[in-house]
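Data first, discussion second: the structure below is written as structure tokens.
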Amino acid sequence: MGFARVRFNNFKNIEPREMKWSPGLNLLIGENGAGKTNILEGISMISGWGTLEKGEKTSDIPTWNSGSSEVQLTGELSSGEIVKVKVAKRFFIKVDDKTVTASDLRWKVPVLSFLSEDVSIVEGSSSSRRRLMDMMLAIIIPSYAFRLSEYRRGVRQKALFLKKGLPSMVVDRALLPLAAWLWKMREEGIRLLSEELENLSELTPAKIGLSLKRGGAGMCADPEDDYSASVFSCREREAALKFPIVGPHRDDILITAEGRQASSSLSRGLRRRTAAALMLAAADGVKRKTGKNTVLLLDEVTAELDGNGRNLLFDSLLSRGTQVFAATAEPFSLEIPCAVHTVKDGRITDSRNS
Ligand SMILES: Nc1ncnc2c1ncn2[C@@H]1O[C@H](COP(=O)(O)OP(=O)(O)O)[C@@H](O)[C@H]1O
Ligand SMILES: [Mg+2]
């Protein structure tokens, strides 16, 4: 499954005209500011995800000075079904004129997106490692995204209590089952990613190990006991910092290569390849659990791979029969067939197969 064509109305700088896609690899090339990332973002939104940029409000999405706030994204899936997403304060999604939820849509057409900062997923901030895990789990477990957002709401509430110097025990009790459940799911997710990584040894010459480091916790194996014990022992620190430091919002995924910390022991080139392998592992994990191929959105992530690594990545993606959208400001040559789309001033000016 993938997108045969899309059209975005009143969406950022993208012109409201039809864009046709290849079922295989689509390269989007063009100068900075052309609209490549915006196209990827639109595709991500008609696949049941929010905006790509963290903290962006839906009110930032309409075309500047258009005088209208109604954004409409339309896409035809390779099955012929029509997806329509209307963005107002929230998202309204229809497939063939029937209202569906975002998680229904993510299940129907699984899409994983990787942003430019994800090239440094091995050594960068923990948020991009959590993001990888959360995207994969949100597709595989339909209730995951809902529970995660409930949990985050609770964390914001707890932060408010701590800020005001109020006791946060009540919120902790409400957070406990959510936190424990998220830890369990993420640990399952780590197992799945680890198993899939074993089949990707052509990209990762070293043996890559993954483990979940529970945020501010790890005192006991049982997740519920762990949350209770860790919150109890961190009570004073949380009160002093006025911020919740225990829980899945502070999780990290520890990555090792041959038993050593990957961020410091691997060369830059091997870290980039490990990042690529993690993306593939997430896509393969989704495939194993849902039976479906994942559409991949890659924003500037391939630019830092060497030619060989890039060919390995795209080769293995294509051998899986996946639709891929890869945006890059620096054109590169690939030894595999792909459709090259030139983006300029918010429109595709040229599409050709090579
Ligand atoms: N709401 C908006 N309305 C109109 N143009 C926008 C909006 N948001 C961003 N842009 C424009 O989109 C362009 C950035 O597009 P982007 O997809 O990030 O480019 P690229 O990825 O090709 O470098 C900028 O020129 C910016 O001015
Ligand atoms: Mg961009």
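The values are calculated or read from the model by the stated rules, or taken from the named source; none is laboratory data. Please read these numbers as outputs of a predicted model, since none were measured by experiment. Backbone-built Cβ (ideal geometry, glycine too); neighbour counts: all protein chains shown.
Condition first: of a type in the set (Ser, Thr, Tyr), buried (at least 16 other Cβ atoms within 10 Å of the Cβ) and within 13 Å of ligand 1 (Cβ to nearest atom). Now tell me which residues in the stretch 56-85 satisfy that.
Filtering the stretch 56-85 for residues of a type in the set (Ser, Thr, Tyr) gives 58-59, 63, 66, 68-69, 74, 78-79.
Checking the rest, the ones that are also buried (at least 16 other Cβ atoms within 10 Å of the Cβ) come to 58, 63, 74.
Of everything in the stretch 56-85, those that are of a type in the set (Ser, Thr, Tyr), buried (at least 16 other Cβ atoms within 10 Å of the Cβ) and within 13 Å of ligand 1 (Cβ to nearest atom) turn out to be THR58, THR63.
Filter the stretch 31-55 for residues that are on the phi > 0 side of the Ramachandran plot and buried (at least 23 other Cβ atoms within 10 Å of the Cβ); which is nearest to ligand 1 (Cβ to nearest atom)?
Within the stretch 31-55, the match that is nearest to ligand 1 (Cβ to nearest atom) is GLY35.
Answer yes if at least one residue in the stretch 242-260 is touching a helix residue (DSSP H, G or I) at 6+ places or on another chain (Cβ under 7 Å), of a type in the set (A, V, I, L, M, F, W, C) and assigned to a helix (DSSP H, G or I), and no otherwise.
No, the stretch 242-260 has no match at all.
For ILE29, state whether it is farther than 27 Å from ASP315 by Cβ, in contact with a helix residue (DSSP H, G or I) (Cβ under 9 Å, 6 or more places away or on another chain) and in contact (Cβ under 8 Å) with a residue 12 or more places away in the chain.
no
Can you report the number of residues in the stretch 27-37 which are outside any loop (DSSP other than H, G, I, E, B) and more than 8 Å from ligand 2 (Cβ to nearest atom)? Outline the logic, then answer.
Kept after step one, since they are outside any loop (DSSP other than H, G, I, E, B), are these residues of the stretch 27-37: 27-29, 36-37.
Applying the additional criterion that residues be more than 8 Å from ligand 2 (Cβ to nearest atom) yields 27-29.
So the count comes out to 3.
Residues in the stretch 90-104: is at least one modelled with pLDDT under 95, touching an Asp or Glu at 6+ places or on another chain (Cβ under 9 Å) and either within 16 Å of ligand 2 (Cβ to nearest atom) or of a type outside the set (Ser, Thr, Tyr) (or both)?
Within the stretch 90-104 (the criterion being modelled with pLDDT under 95, touching an Asp or Glu at 6+ places or on another chain (Cβ under 9 Å) and either within 16 Å of ligand 2 (Cβ to nearest atom) or of a type outside the set (Ser, Thr, Tyr) (or both)), the answer is no, since none of the residues qualifies.
What number of residues within the stretch 335-346 are in contact (Cβ under 8 Å) with a residue 60 or more places away in the chain and either within 16 Å of ligand 1 (Cβ to nearest atom) or within 20 Å of LEU200 (Cβ to Cβ) (or both)? Step through it out loud before you land on a result.
Step one: list which residues in the stretch 335-346 are in contact (Cβ under 8 Å) with a residue 60 or more places away in the chain, which gives 336-346.
Cutting the leftovers down to either within 16 Å of ligand 1 (Cβ to nearest atom) or within 20 Å of LEU200 (Cβ to Cβ) (or both) gives us 336, 340-346.
Number of matching residues: 8.
Given the conditions (1) surrounded by fewer than 16 Cβ atoms within 10 Å (Cβ to Cβ); (2) within 14 Å of ligand 2 (Cβ to nearest atom), which single one is not true for THR349?
Among (1) surrounded by fewer than 16 Cβ atoms within 10 Å (Cβ to Cβ); (2) within 14 Å of ligand 2 (Cβ to nearest atom), THR349 violates only (2).
Could you list all residues from the stretch 8-30 that are closer than 18 Å to VAL83 by Cβ and surrounded by fewer than 19 Cβ atoms within 10 Å (Cβ to Cβ)?
Result: ASN9, ASN10, PRO16, ARG17, GLU18, LYS20, PRO23.
Residue check: is GLU195 exposed (fewer than 15 other Cβ atoms within 10 Å of the Cβ), of a type in the set (D, E, K, R) and modelled with pLDDT of 95 or more?
Answer is yes for this residue.
Here are the criteria: (1) at pLDDT 95 or above; (2) in contact with a Cys (Cβ under 8 Å, 6 or more places away or on another chain); (3) more than 24 Å from TYR144 (Cα to Cα). Tell me which single one ILE245 does not satisfy.
Checking ILE245 against (1) at pLDDT 95 or above; (2) in contact with a Cys (Cβ under 8 Å, 6 or more places away or on another chain); (3) more than 24 Å from TYR144 (Cα to Cα), the one that fails is (3).
Touching a residue at least 12 places away in the same chain (Cβ under 8 Å), hydrophobic (A, V, I, L, M, F, W, C) and within 16 Å of ligand 2 (Cβ to nearest atom) - does that describe any residue in the stretch 75-83?
no
Condition test on GLY48, is it outside any helix (DSSP H, G or I), within 13 Å of ligand 2 (Cβ to nearest atom) and of a type outside the set (A, V, I, L, M, F, W, C)?
no
Would you check which residues across the stretch 7-19 are away from ligand 2 (no atom under 16 Å from the Cβ), touching a Ser or Thr at 6+ places or on another chain (Cβ under 7 Å) and either under 24 Å from SER79 (Cβ atoms) or basic (Lys, Arg) (or both) and list them?
Residue satisfying the conditions is ARG7 alone.
Can you name the residue in the stretch 323-345 that is of a type in the set (Ser, Thr, Tyr) and modelled with pLDDT under 95 and is also farthest from ligand 2 (Cβ to nearest atom) among such residues?
In this case the residue turns out to be SER333.
Restricting to the stretch 317-334, and then to whatever is within 16 Å of ligand 1 (Cβ to nearest atom) and not in a loop (DSSP other than H, G, I, E, B), can you tell me which residue is farthest from the chain's Cα centre (by Cα)?
THR328
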